[in-house]
Amino acid sequence: MKAWYIREQKHICGPQYAEVDLFEVSAKEHTASTRRKRELATSIAQQRYNEAMSRRYFCQLAYTNFTDRDWAITFTYNRDHHPAAGDYDRVDRDWTNFCKRMKRYCKKKDIPAPKWMQVTEYCALNEDGTSTGRHHHHVILEGSLTREEIEMLWRDSSGEEIGMVHCDRINLTSSSFEALTGYMTKARTRVRHWRQSRGLKAPVTPRPNDTKWSRKSMDDAFSMRVDDRAFWEKQYPGYTLRECEQRVTGNNTRHLIVRLYRKETGMQQNRRNRP
């Protein structure tokens, strides 16, 4: 493909985080409909799939809906409650029952039930009859409940503890949140498709822009500006660079993914300064 235009596609993931895709498009793709342009941006932004889902979108969705006031949790099983290897339905049912129990508890407290994103890692049954791993749930949970309340709710119908609950506050100030979402969606055969509560907000994807970046400026950014924080802060005022990732797509064109954090200025940024 001969590239004539550089497309800028932004992804606004809540008030603190944003991503920008810069990639080469042909003249035909430049004149396509807005819907087709966004489909192309989506296909490029989500090239790498895990269990038929995008790890990158999972991270964007988490950034959009959760903050450092929320919880990163691992729910485990003790010996008495650990489901049999390969009993995936039972493990999924345990999480569903926990969510129902949490909703009833929140209704009694007269507070909204927390929103969540969850991935289960299974204890898989191998062909030779042995098992691999232990069942457990990785969860990002809104922080409206305390650690003690969450631990209290991880029980069976008789009130006995199901297992341990490991809670930590989410850290958005470094790469640890991306490491968390990456770990939750790591490529293993015993990791299921992720689940989420209703009502999560999708990242905002504005109309793509094919005129802001020239081929010359893309050449400069791709080869010389990957780690130039001042350069990217000038391009996207109000934000600071988290990292800039270089890729070469399957059709041998260049692709930059610019990850940005909102600067902590204490002042509300003007709308036109959003990336």
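The values are calculated or read from the model by the stated rules, or taken from the named source; none is laboratory data. Please read these numbers as outputs of a predicted model, since none were measured by experiment. Please note: Cβ atoms are built from the backbone with ideal geometry, for glycine as well, and neighbour counts cover all protein chains shown. SASA here: full protein model, heavy atoms, side chains in, ligands and nucleic acids out. Shrake-Rupley method; radii C 1.70, N 1.55, O 1.52, S 1.80 Å.
Would you check which residues across the stretch 157-176 are in contact with a helix residue (DSSP H, G or I) (Cβ under 7 Å, 6 or more places away or on another chain), within 27 Å of Tyr261 (Cα to Cα) and not in a loop (DSSP other than H, G, I, E, B) and list them?
Cys167
Does Pro114 satisfy the condition of being touching a Leu at 6+ places or on another chain (Cβ under 7 Å) and touching a residue at least 24 places away in the same chain (Cβ under 8 Å)?
yes
Which residues, counting only those in the stretch 136-152, are in a helix (DSSP H, G or I) and surrounded by 19 or more Cβ atoms within 10 Å (Cβ to Cβ)?
The answer is Ile150, and nothing else.
Going through the stretch 158-174 one residue at a time, which ones are touching a residue at least 12 places away in the same chain (Cβ under 8 Å) and either surrounded by fewer than 17 Cβ atoms within 10 Å (Cβ to Cβ) or within 25 Å of the chain's Cα centre (by Cα) (or both)?
Glu160, Glu161, Met164, Val165, His166, Cys167, Asp168, Arg169, Ile170, Asn171, Leu172, Thr173
Pull up the stretch 101-130, narrow it to residues that are out of contact with any strand residue (DSSP E or B) (no Cβ under 9 Å at 6 or more places or on another chain), assigned to a loop (DSSP other than H, G, I, E, B) and under 19 Å from Leu200 (Cα atoms), then point me to the one that is most open to solvent (accessible area, probe 1.4 Å).
That would be Pro112.
Does any residue of the stretch 185-204 turn out to be at pLDDT 85 or above, assigned to a helix (DSSP H, G or I) and either closer than 26 Å to Gln9 by Cα or in contact with a Ser or Thr (Cβ under 6 Å, 6 or more places away or on another chain) (or both)?
no
Pairs under 9 Å by beta carbon, first residue at positive phi in the stretch 73-87, partner surrounded by 19 or more Cβ atoms within 10 Å (Cβ to Cβ), six or more apart or different chains?
Correct list of pairs: Gly86/Tyr122; Gly86/Cys123.
Could you please find all residues in the stretch 114-138 being within 23 Å of Lys100 (Cβ to Cβ) and polar (S, T, N, Q)?
Gln118, Thr120
Taking interchain pairs and intrachain pairs at least six residues apart, which have beta carbon atoms under 7 angstrom, with the first residue in the stretch 55-67 and part of a helix (DSSP H, G or I) and the second open to solvent by less than 10 Å² (accessible area, probe 1.4 Å) and small (Gly, Ala, Ser)?
Arg56/Ala45
In the stretch 224-250, what residues are in a helix (DSSP H, G or I) and open to solvent by 80 Å² or more (accessible area, probe 1.4 Å)?
The answer is Met224, Arg229, Lys234.
From Glu151, Glu160, grab the single residue that is out of contact with any Leu (no Cβ under 7 Å at 6 or more places or on another chain) and more than 18 Å from Pro83 (Cβ to Cβ).
Glu151
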